[in-house]
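See structure below.
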């Protein structure tokens, strides 16, 4: 893990992509979540916490800012597990 994490602009784009993808009824949520999962190792603890918050909020929200369907929820939950494992391994 890089102590500074990934570039702030890159993190912003990943968050935007996640917010856009999760409500979709398509392959977008899985694609975006898989991409972010590949970046988890390079994220700082704070950046991981930010993405975790985004996923938890999506899980609690109905409508245009929540998960679009069960496929999106499964993709989000897989990413959440990867993030939490990384946080636990760094403690």
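For the stretch 11-25, give me the residue count where each residue is more than 15 Å from residue 52 (Cα to Cα) and free of Cβ contacts under 8 Å to residues at least 24 places away in the same chain.
2
Picking from 81, 75, 58, which residue would you name as being more than 14 Å from residue 32 (Cα to Cα) and surrounded by 13 or more Cβ atoms within 10 Å (Cβ to Cβ)?
58
Read-outs throughout are calculated quantities, based only on the coordinates presented, and are distinct from any laboratory measurement. Just so it is clear, the model here is predicted, and its values are computed rather than measured. No Cβ is skipped: glycine too gets one built from the backbone with ideal geometry, and neighbour counts run over all protein chains shown.
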